[in-house]
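The values are calculated or read from the model by the stated rules, or taken from the named source; none is laboratory data. Since the structure is predicted, the reported quantities are computational estimates derived from the model, not experimental observations. Positions of Cβ are generated from backbone atoms using ideal geometry, with glycine treated the same way; all protein chains shown enter the neighbour counts.
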Amino acid sequence: MTNKESVETQYEFKAEVKQLLNILVHSLYTNREIFLRELISNSSDALDKLRFESNRGTEIIQNDLPLEIKIEFDSKENTLTITDSGIGMTESELVENIGTIAKSGTTEFLRKLAESKSEASNIIGKFGVGFYSVFMVAEKVELTTKSFKPDSEALVWTSDGLGSYTISKALDKSDRGTKIKIFLKEETKDFADKYKLEQIIKKHSNFITFPIKIDKDQLNTVTAIWREPKSFVKKEQYNEFYKFLTYDNEEPLEVIHKSVDAPIQFNCLLFISKKNFDIFGMNRDDYGLDLYVKRVLIQHKNKELLPEYLSFVRGVVDSEDLPLNISRETLQENLVFTKIANTVTSQILSTLSTLAKDNVEKYNEFWKEHGRILKMGYSDYANLEKISNLLRFNSSSCETAEELTSFDEYVKRIKEGQKDIYYITGASRDALHMDPHTEIFKAKGLEVIYLFDPADEFVFSNLNKVKDFELKSADQVELKSLEKFEKMNKTEEKEEPLSSDDKLHMKSLLSKMKDILGDKVTEVKDSERLQDSPACLVNPDGTMSASMQKIMQMVNKDASIPKRVLEINTNHKIVKNLLKVFKQNPNNDYLRSVTEQLFETSLLLDGYLQDPHLLVSKVNKLLEDSSDWYTELKKM
């Protein structure tokens, strides 16, 4: 409290300072609480400076005082007081430090504020005006300070932020350090509420090195363990911090703790959870890392630090090289920040690569929870090779639908002379295992990757090539490229080959089938890919895969059935019997029924059949006819 008998010296602010204070005092802010973060950060700096002086052997008054920050409030008087036992200030330092705003940076601050059109609280600290943020909530401020130097006097700085300030000697006994008493405005008196103060401190200043106390209770009890050497931190501490950060009851699947010194200095502590918390995909935007500068929270869940495909990572990044209070707009343009973000991404991908190599079971556990998010990194061209090595899929070589394989493992099993990696998309392993398009690959012992997620089509299309092998959809492969691979069971022939006469009639039968189907198909031809199925639909050469075509139709809200080639297995028993009917009577109604049935069954397998009721009706008719024929034969 200022003694009225002490001599007061009055100072006038410069014109640009008055302009700044006018902005702070009279503008409306949505984030007024930033002032408390600024004052606590200043107190922390003062304590850091004192500790530095102590370590170098400097004589310090009241050396037994605990290094701490105390917060006091009086809701009746509408006052808030912040006290630290730090380095304090002499009269010349008080004029210089509190007057930093009047020395340099103010004009630039005002220019930046006008250019960015952002609220002042976002860029306050960058220009040394953090202390003056107090006038967003204060109608008057009384600052009492006493330097750590011997024979120093306690001084009182007072201002209402309207254009001038006074400095006088404090005749009352004062401890070393600085005490800031804030007389709150009527509209900001809620900052004298204990609960609100606790929430603000835990949000912005929870990891300040020195104790922050309200009513003798320390608020910042969780240690900033990311600033500690990794060898000093126990697993229990990681688990405790993870649960504090995420509110997850389980311990994390993996911990990434890194300290980087060059070319930029920052610390990060990152966690990969065991479970995917966004099961239904409703909170895809709820991710990001907490960004700290010297233990002070700058932004909660900063998304620029982390690409969306790594959104399953939680944690903090703390930098020494970023300016305090850097604005969101400046963050996106800051080269140091960009380097930090790139390094964080690289560290996460490297950790996952090591995990995939050293602990396959644990990595597969990770993949089943977070793989659907990770593979969206197919658009990150800078890290595409790393991401492709982390991808996992099921394939025809797997024994169950749960088993996973990688591109590396696929390549190790690849056949001599094979230049492509084959894949196909479908609803399930069973469906793909029975898909007609895979029959030629099974016959020749060629492994096919099974994709169950429609998004995988975009991943593979974007990758295009892995380890010098082209990625080819099974329904797009040029069959001539498979001729060099022999069938696994050459002696096993289920049907006798067609005679020369039958081959001629078969050509006519295929032509007849095209006439029956009309413009529903582009062509009906003999199939080289089918081994067990009677027919399948194939896209004309040079077009996209069937599954990608289906996705694009959904995107474009196109419900039409694409015109495709109907391939017929001329060695199949159904087709050979159809040939017998054709040779007896080319206009037999049975030809039309079976042809339409083969076409619609192929549509059904590809997911394009629009009216299953009609298909069932035709199947029932065929069953009825076949039962009549069977009964007649029995009579004979």
| request: Considering only the range 134-185, state which residues are acidic (Asp, Glu), part of a loop (DSSP other than H, G, I, E, B) and touching a residue at least 40 places away in the same chain (Cβ under 8 Å). | output: GLU153, ASP172, ASP175
| said: Of all residues being of a type in the set (Asp, Glu) and free of Cβ contacts under 8 Å to residues at least 24 places away in the same chain in the range 584-600, which is farthest from PRO436 (Cα to Cα)? Just the residue, please. | reply: ASP589
| said: Please pick out the residue among SER428, SER350, SER388, SER379 that is touching a Phe, Trp or Tyr at 6+ places or on another chain (Cβ under 7 Å) and either in the same structural domain as SER259 (by TED's automatic domain parsing) or surrounded by fewer than 16 Cβ atoms within 10 Å (Cβ to Cβ) (or both). | reply: SER428
| note | Checked pairs for the range 601-624, first outside the structural domain of THR425 (by TED's automatic domain parsing), second outside any helix (DSSP H, G or I) and surrounded by 11 or more Cβ atoms within 10 Å (Cβ to Cβ), C-beta under 6 Å and 6 or more apart or across chains, list as SER602/ALA535; SER602/CYS536; SER602/LEU537; LEU603/LEU609; ASP606/LEU537; TYR608/ILE561
| request: Please give the number of the condition ASP475 fails out of (1) farther than 25 Å from GLU567 by Cα; (2) in contact with a His (Cβ under 6 Å, 6 or more places away or on another chain). | output: (1)
| Would you say SER205 is of a type outside the set (Asp, Glu), under 26 Å from the mean Cα position of the chain (by Cα) and in the same structural domain as LYS76 (by TED's automatic domain parsing)? | yes
| message | If I filter the range 469-488 down to residues being assigned to a strand (DSSP E or B) and of a type outside the set (Asp, Glu), which single residue comes out as nearest to ALA546 (Cα to Cα)? | response | SER473
| note | In the range 186-209, anything in contact with a strand residue (DSSP E or B) (Cβ under 8 Å, 6 or more places away or on another chain), under 26 Å from ARG227 (Cβ atoms) and assigned to a helix (DSSP H, G or I) is listed as LEU197, GLU198, ILE201, LYS203, HIS204
| Since SER397 meets every condition but one in (1) surrounded by fewer than 19 Cβ atoms within 10 Å (Cβ to Cβ); (2) in contact (Cβ under 8 Å) with a residue 60 or more places away in the chain, which condition does it not meet? | (2)
| task | For HIS437, state whether it is touching a strand residue (DSSP E or B) at 6+ places or on another chain (Cβ under 7 Å) and at pLDDT below 95. | result | yes
| task | Filter the range 270-301 for residues that are surrounded by 18 or more Cβ atoms within 10 Å (Cβ to Cβ) and assigned to a strand (DSSP E or B) and give the result. | result | LEU270, PHE271, ILE272, LEU289, ASP290, LEU291, TYR292, VAL293, VAL296, LEU297, ILE298, GLN299
| message | With among the polar types (S, T, N, Q), at pLDDT below 90, in a helix (DSSP H, G or I) and surrounded by 13 or more Cβ atoms within 10 Å (Cβ to Cβ) as the only criterion, which of SER508, SER461 stands out? | response | SER461
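Can you name every one of the helices (runs of 4 or more DSSP H) wholly within the range 322-438 that holds 3 or more residues which are more than 18 Å from the chain's Cα centre (by Cα)?
Those helices (runs of 4 or more DSSP H) span 328-333, 335-358, 360-374, 407-412, 429-433.
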| request: May I ask you to list the residues in the range 173-217 that are within 27 Å of LEU155 (Cβ to Cβ) and basic (Lys, Arg)? | output: LYS173, ARG176, LYS179, LYS181, LYS185, LYS213
